[in-house]
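Readers should treat all values here as calculations from the given coordinates under stated rules, not as data from a laboratory. Note that the structure is a prediction, hence the values are computed from the model and not measured. Heads up, the Cβs are rebuilt from the backbone with ideal geometry, glycines too, and the neighbour counts pull from every protein chain shown.
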């Protein structure tokens with residue numbers, strides 16, 4: 001395509017073409033052709049994706065493209081193994097003076113990112129996508145000792161797949177952190193973490209499996225040793241969005257205490273829980289939801305044990321038929337499920353969670 005012909009095409013067509021090209025190819029092909037093309041590719045100059053490209057292409061990009069656009073760049077995504085190629089001088093401010101966000105992909109537990117944590121704390125946004133083979137592993141305490149500190153400037157922090165240990169003796173108040181997605185090792189870590197996030201607005205916490213060198217009995221012992229009432233966080237007045245997922249790793253009493261006493265400004269609440277305590281609609285309403293007066297959206301999926309064999313599933317579903325549940329337009333489904341023992345699985349509609357267990361034939365709604 002000649003430049004004259006290409007210049008006559010509508011901008012909307014280029015937007016469609018760009019969907020099929022890598023950002024480095026777009027920049028390499030269109031940068032500095034003319035002012036119009038520079039305006040069209042400006043989003044790709046500000047946020048450049050260097051992940052999933054081979055070493056030859058990356059080196060070429062670093063030699064011919066990055067030096068010419070470095071003042072435009074606000075966000076960079078790069079694979080962990082090439083991070084030292086993109087940041088050779090271990091300095092963001094000199095090479096990329098306007099850099100705000102870094103996204104690291106295909107990260108190994110002991111990857112190169114560890115050497116950059118002291119620099120990452122100067123960013124506004126940091127997302128670390130660990131490799132799938134690292135799933136459920138515990139990462140280094142260096143994350144806590146660098147990123148959960150009072151001098152950290154990060155506002156949005158994201159970790160995938162791995163468990164991040166939160167050390168009570170290492171963590172410091174993080175005044176800047178607004179949004180966090182993290183997988184923890186134990187529920188007491190939730191209390192410790194939130195005690196040090198006074199400005200948090202949105203949090204997504206997973207404690208999916210007890211695979212962090214802790215058996216369920218050890219978690220129960222830890223719950224006894226950790227004084228939840230004494231370590232209850234102050235009111236988190238800025239926290240509007242709370243998502244929580246736990247598979248037999250959280251004591252519901254302490255979760256209820258946390259949400260009802262510290263999170264009264266919540267507007268969005270999502271709970272995906274496997275628990276060993278009996279929870280019904282009456283308890284959810286009276287001890288939790290009625291205290292969250294600003295709540296607008298509530299999604300839940302709760303697997304709760306059947307502690308009374310005389311309580312059949314129809315009786316259980318009746319606890320979700322009070323005026324509170326009806327007036328707030330909460331639609332739910334419920335079914336029997338055999339886990340450790342007999343459980344009821346009750347969930348809200350629409351179902352928003354990624355995974356779903358098998359459904360038995362006795363699915364009940366109201």
Query raised in the report: Going by how many other beta carbons lie within 10 Å of each one, how would you line up 91, 199, fewest first?
Result: 91, 199
**Report entry** From the coordinates shown, P(r) over Cα pairs in 10 Å bins from 0, in percent corresponds to which of (1) 5, 21, 25, 21, 16, 9, 3, 0, 0; (2) 4, 17, 24, 21, 15, 9, 6, 4, 0, 0; (3) 5, 20, 20, 19, 17, 12, 5, 1, 0
**Finding:** (1)
Requested in this report: Give me the distance between the Cα centres of segment 72-111 and segment 117-184, rounded to whole Å.
Outcome: 16
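Please report the antiparallel percentage of DSSP beta bridges with both residues in the chain, rounded to the nearest 5. Intermediate results must be reported in sequence, preceding the final value.
Numbers: 15 of 62 bridges.
Percent antiparallel among DSSP bridges in the chain is about 25.
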Query raised in the report: According to a simple spin-label model (label point 7 Å from Cα along Cα-to-Cβ), what is the distance in nm between residue 42 and residue 158?
Result: 2.4
Report task. Over the chain, calculate the relative contact order: mean separation of alpha carbon pairs under 8 Å at least 6 apart, over the residue count, as a percent. Result -> 8
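If the chain between residue 231 and residue 318 were fully stretched, how many nm would it gain, using 0.36 nm times the residue separation less the Cα-Cα distance?
Computed gain between residue 231 and residue 318 is 27.7 nm.
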Requested in this report: Please work out whether segment 263-310 counts as rounded, prolate or oblate from its C-alpha gyration tensor, where a ≥ b ≥ c are the square roots of the eigenvalues and a/c under 1.5 means rounded, while otherwise a/b larger than b/c means prolate and anything else oblate?
Outcome: prolate
Report summary line: Taking only the alpha-carbon atoms of segment 104-194, the convex hull volume per residue, in cubic angstrom, is 82
Report summary line: In this structure, the FRET efficiency calculated for residue 204 and residue 34 from their beta-carbon separation, with R0 = 45 Å, to the nearest 0.05, is 0.55
**Report entry** Förster radius 35 Å - calculated FRET efficiency between residue 297 and residue 141, Cβ distance, rounded to 0.05
**Finding:** 0.50
Query raised in the report: Given the C-alpha centroids of segment 258-298 and segment 302-321, what is the distance between them in whole angstrom?
Result: 18
Requested in this report: On a 0 to 90° scale, report how tilted helix 216-225 is relative to the longest principal axis of the chain, with both axes built from alpha carbons and the result rounded to the nearest 10.
Outcome: 80
Query raised in the report: With each pseudo-label sitting 7 Å past Cα toward Cβ, what's the residue 278-residue 172 distance in nm, one decimal?
Result: 4.9
**Report entry** Packing-based exposure ordering (other Cβ within 10 Å, fewest first) of 262, 46, 301
**Finding:** 46, 262, 301
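If you rank 280, 188 by fewest surrounding Cβ atoms within 10 Å, what's the result? Mind showing how you got there, number by number?
Values: 280 18, 188 22.
Listed from fewest to most nearby Cβ atoms, that is 280, 188.
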Report task. Obtain the nm distance between the two label points defined at residue 338 and residue 57 by a simple spin-label model: each point lies 7 Å from its Cα along the Cα-to-C-beta direction. Result -> 5.1
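Using 0.36 nm per residue, how much length does the chain from residue 71 to residue 247 gain when fully extended, once their Cα-Cα distance is taken away? If you can, show how the numbers build up before the last one.
On the way: separation 176, 0.36 × 176 = 63.36 nm, distance 4.59 nm.
Contour length minus the Cα-Cα distance gives 58.8 nm.
Okay, helix-only estimate at 222 nm for the chain: each DSSP H run of n ≥ 4 adds -39500 (n - 2.57), divide by all residues, round to 500 deg cm²/dmol; what do you get?
On the way: 16 runs with 104 residues, N = 366.
Value at 222 nm, helices only, nearest 500: -7000 deg cm²/dmol.
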Requested in this report: At 0.36 nm per residue, minus the direct Cα-Cα distance, what do residue 12 and residue 329 gain on full extension? Give it in nm, one decimal, please.
Outcome: 110.0 nm
